[in-house]
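Taking it in order: structure first as structure tokens, then the write-up.
The values are calculated or read from the model by the stated rules, or taken from the named source; none is laboratory data. Bear in mind the structure is a predicted one, so any value in this text is a computation, not a measurement. Glycine also receives a Cβ, built like all others from the backbone with ideal geometry; neighbour counts cover every protein chain displayed. For accessibility, only protein heavy atoms count, side chains too; no ligands or nucleic acids. Shrake-Rupley method; radii C 1.70, N 1.55, O 1.52, S 1.80 Å.
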Amino acid sequence: MSQRKVQIVILCEDRQQEVFARYFLKKRGFTGLFRAKICPKGSQSGEQYVRSQYPVEVKAYRQKKNRVSIGLVVLIDADTGTLEARLNQLASVLDENDLENRRSNEAIAIFVAKRNIETWIHYLQGETVNEETVYAKFENNEAVCKTAVEDLADRCYSQSLPEDAPRSLQAACEELQRLLPLVEP
């Protein structure tokens, strides 16, 4: 039996988030077309870009979902705010654009990294982290996270993420459940 091809749109702030999402999704069995929408350097803040593009991508997802197997993965940093505040901002921007909030049966997963994606990567590499500190970026070495992200994908799937994992990372594992119907028969 051949696996059906899935289209995944990755809406994110930067290349590191895109690489993180790609490794994570591939490890979970996603094949097919990945289309990344990354904030152009120097155009605006990454989170501002994701918020502005989110309603556009949700609308496009809803127009296509009954014709093709498609998912939307959104990565955005919470920065100094909270996970809940960032999710509420995204829900508000849908409302402002006369779109319904995402429904439980939609393959729209939102990964909100608190403080930023590097917090998660440093944690996955074995460091003790908190979600307030700004951790070093991996400029021009984004792939350094591959092994750790693939391990995370397995832990999320088996629901064996350690209890000391950052809360925003635990929430991201829960978000994975929204996408699994796309790859499971």
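Consider only pairs whose beta carbons are under 9 Å apart and that are at least six residues apart or on different chains; among these, list those whose first residue lies in the stretch 27-41 and is farther than 23 Å from residue 154 by Cβ and whose second residue is aromatic (Phe, Trp, Tyr).
37/49; 38/49; 39/49; 40/49
List the pairs whose first member sits in the stretch 150-169 and is closer than 17 Å to residue 130 by Cβ, whose second member is of a type in the set (Val, Ile, Thr) and outside any loop (DSSP other than H, G, I, E, B), and whose Cβ atoms are under 7 Å apart, counting only residues at least 6 apart or on separate chains?
What qualifies is 166/119; 168/112.
Mind checking which pairs have a first residue in the stretch 53-77 that is in contact (Cβ under 8 Å) with a residue 24 or more places away in the chain and a second that is among the small types (Gly, Ala, Ser) and surrounded by 24 or more Cβ atoms within 10 Å (Cβ to Cβ), Cβ under 6 Å, 6 or more apart or different chains?
These pairs meet every condition: 73/21; 75/21; 77/113.
Quick one: in the stretch 140-174, of everything that is hydroxyl-bearing (Ser, Thr, Tyr) and surrounded by 13 or more Cβ atoms within 10 Å (Cβ to Cβ), which residue is farthest from residue 26 (Cα to Cα)? Before you say what the answer is, go through the steps one by one.
Keep residues of the stretch 140-174 that are hydroxyl-bearing (Ser, Thr, Tyr), which gives 147, 157-158, 160, 168.
Those left that are additionally surrounded by 13 or more Cβ atoms within 10 Å (Cβ to Cβ): 157, 168.
On the way: 157: 13, 168: 21 Å.
Within the stretch 140-174, the match that is farthest from residue 26 (Cα to Cα) is 168.
Which residue, of 53, 89, 44, 63, is closer than 21 Å to residue 138 by Cα and not in a strand (DSSP E or B)? Full working, then the answer.
Working: 53 fails: closer than 21 Å to residue 138 by Cα; 89 fails: closer than 21 Å to residue 138 by Cα; 63 fails: closer than 21 Å to residue 138 by Cα.
Selected residue: 44, the only one of 53, 89, 44, 63 that is closer than 21 Å to residue 138 by Cα and not in a strand (DSSP E or B).
Return the total of residues in the stretch 95-139 being part of a helix (DSSP H, G or I), crowded, with 17+ Cβ neighbours inside 10 Å and not β-branched (Val, Ile, Thr). Break it down into steps so the answer makes sense when it comes.
Taking the stretch 95-139 as the starting set, the residues that turn out to be part of a helix (DSSP H, G or I) are 95-96, 117-124.
Cutting the leftovers down to crowded, with 17+ Cβ neighbours inside 10 Å gives us 117-124.
Okay, now just the ones that are also not β-branched (Val, Ile, Thr), so 118, 120, 122-124.
Here the count works out to 5.
Looking only at the stretch 76-91, decide whether some residue is within 25 Å of residue 32 (Cβ to Cβ), open to solvent by less than 30 Å² (accessible area, probe 1.4 Å) and acidic (Asp, Glu).
No.
Condition (residue is modelled with pLDDT under 95 and in a helix (DSSP H, G or I)) applied to the stretch 26-36: is it met by at least one residue?
Among the residues of the stretch 26-36, at least one is modelled with pLDDT under 95 and in a helix (DSSP H, G or I), which makes the answer yes.
One residue is enough: does the stretch 6-18 have a residue meeting the conditions open to solvent by 10 Å² or more (accessible area, probe 1.4 Å), without any contact (Cβ under 8 Å) to a residue 24 or more places away in the chain and not in a strand (DSSP E or B)?
Checking the stretch 6-18: not a single residue is open to solvent by 10 Å² or more (accessible area, probe 1.4 Å), without any contact (Cβ under 8 Å) to a residue 24 or more places away in the chain and not in a strand (DSSP E or B).
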